[in-house]
Amino acid sequence: MLNLGLPIALLSALTMNLAFFFKFRGARVAARVDLRHPIISAIALWRSKWFAIGMIVGLVAWGLHVAALTIAPISLVQAVLASGVALVAVMADKIFGLQVGRRQWWGLALTALGLALLALTMPSSIGPHASYSGAQMAIFEAVLLAVGVVLIVGPRAAGARTEHHGVALAAAAGIMFGACNVSVKALTGMLPDGGLDALISAPMAIAIAASVGAFYASARSLQLGGAVAVIAVTGTASSITCVAGGILVFGDPMPADLFGMLIQALAFVLVIVASALVPAPRASQLST
């Protein structure tokens, strides 16, 4: 079952990238997302044909993601999912006609390398690894949500440029998507025995709150930033958050030897550095 989870995760990554490009096209022509009027903003987004299509495709990708989480450790699933980041530039260039700069190609290549190293150095494990400590989960999720809020509010308060605010919102959206995925992973371990009680649990409440925050942050980031930068940062932030959640919350194994730990540290550094090399593309808007 573990081996089956990995191709499902890869298919989820490809489908999610496609969903983001559709949502980018739709968000650019929709009314400005305004958190003071969340319902009006949501209706405006859903009335945009391409955004609605992107949301539907995204739901399919999310379903594949959940399926992968039920049969494989979260850190391994996210390492595979994150490989889709490497295909963002290819899809932007070949499918959607966006010009991708050399810095972006390097940034995405380094991201792929870092995530590949992360996956290759994960010790072999068996089973979904859905057990967790409630206290560890609460602290981890609280920190994630706090960081997400800071990324949403901070750049505007500091007077950051529009494109920088877009990237910060993308990072916030990715972190919140990650928080939601960590909660969903916890639910996959609760549902078989917990039944309906799992549906009114703390992980369910966190998953709903995080997904709502991610929805608005992601939509606004797509309106402010370039497609490649925003999609890549969102996916990378989500993946790193979930890998960390797998290790810190669910006890996914870490390398036991010094060499493996150094390689994983290098992998995280590569991903962080790569994120700084993905500026907004020259052609920032898709034809409608």
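Return the total of residues in the range 48-59 being over 20 Å from LEU69 (Cβ atoms) and either assigned to a helix (DSSP H, G or I) or modelled with pLDDT under 95 (or both). Qualifying residue count for the region: 8.
Looking across the range 10-47, the residues that are in a helix (DSSP H, G or I) and closer than 15 Å to GLY225 by Cα come down to PHE20, PHE21, PHE22, LYS23, PHE24, ARG25, GLY26, ALA27, ARG28, VAL29. Would the range 211-225 turn up any residue that is within 29 Å of MET55 (Cβ to Cβ), surrounded by fewer than 17 Cβ atoms within 10 Å (Cβ to Cβ) and either at pLDDT below 80 or among the hydrophobic types (A, V, I, L, M, F, W, C) (or both)? Scanning the range 211-225, I find at least one residue that is within 29 Å of MET55 (Cβ to Cβ), surrounded by fewer than 17 Cβ atoms within 10 Å (Cβ to Cβ) and either at pLDDT below 80 or among the hydrophobic types (A, V, I, L, M, F, W, C) (or both), so the answer is yes.
Flag: VAL143 matches the condition of being modelled with pLDDT of 85 or more, in a helix (DSSP H, G or I) and over 15 Å from the mean Cα position of the chain (by Cα).
Somewhere in the range 60-77, is a residue touching a Ser or Thr at 6+ places or on another chain (Cβ under 7 Å), assigned to a loop (DSSP other than H, G, I, E, B), touching a residue at least 40 places away in the same chain (Cβ under 8 Å) and over 18 Å from ALA219 (Cβ atoms)? Yes: the range 60-77 contains one or more residues that are touching a Ser or Thr at 6+ places or on another chain (Cβ under 7 Å), assigned to a loop (DSSP other than H, G, I, E, B), touching a residue at least 40 places away in the same chain (Cβ under 8 Å) and over 18 Å from ALA219 (Cβ atoms). Looking for something of a type in the set (Ser, Thr, Tyr), touching a Leu at 6+ places or on another chain (Cβ under 9 Å) and surrounded by 23 or more Cβ atoms within 10 Å (Cβ to Cβ) - is there at least one such residue anywhere in the range 11-33? Yes - at least one qualifying residue is present in the range 11-33.
Of all the numbered requirements in (1) surrounded by 20 or more Cβ atoms within 10 Å (Cβ to Cβ); (2) among the aliphatic types (A, V, I, L, M); (3) more than 16 Å from ALA116 (Cα to Cα), LEU81 misses one, and that requirement is (3). Filter the range 238-261 down to the residues that are out of contact with any Pro (no Cβ under 9 Å at 6 or more places or on another chain) and part of a loop (DSSP other than H, G, I, E, B), then identify the one that is surrounded by the most Cβ atoms within 10 Å (Cβ to Cβ). The residue in question is VAL249.
The values are calculated or read from the model by the stated rules, or taken from the named source; none is laboratory data. Owing to the predicted nature of the structure, the values given are computational and were not obtained by experimental measurement. Virtual Cβ from ideal backbone geometry, glycine too; neighbours counted across all protein chains shown.
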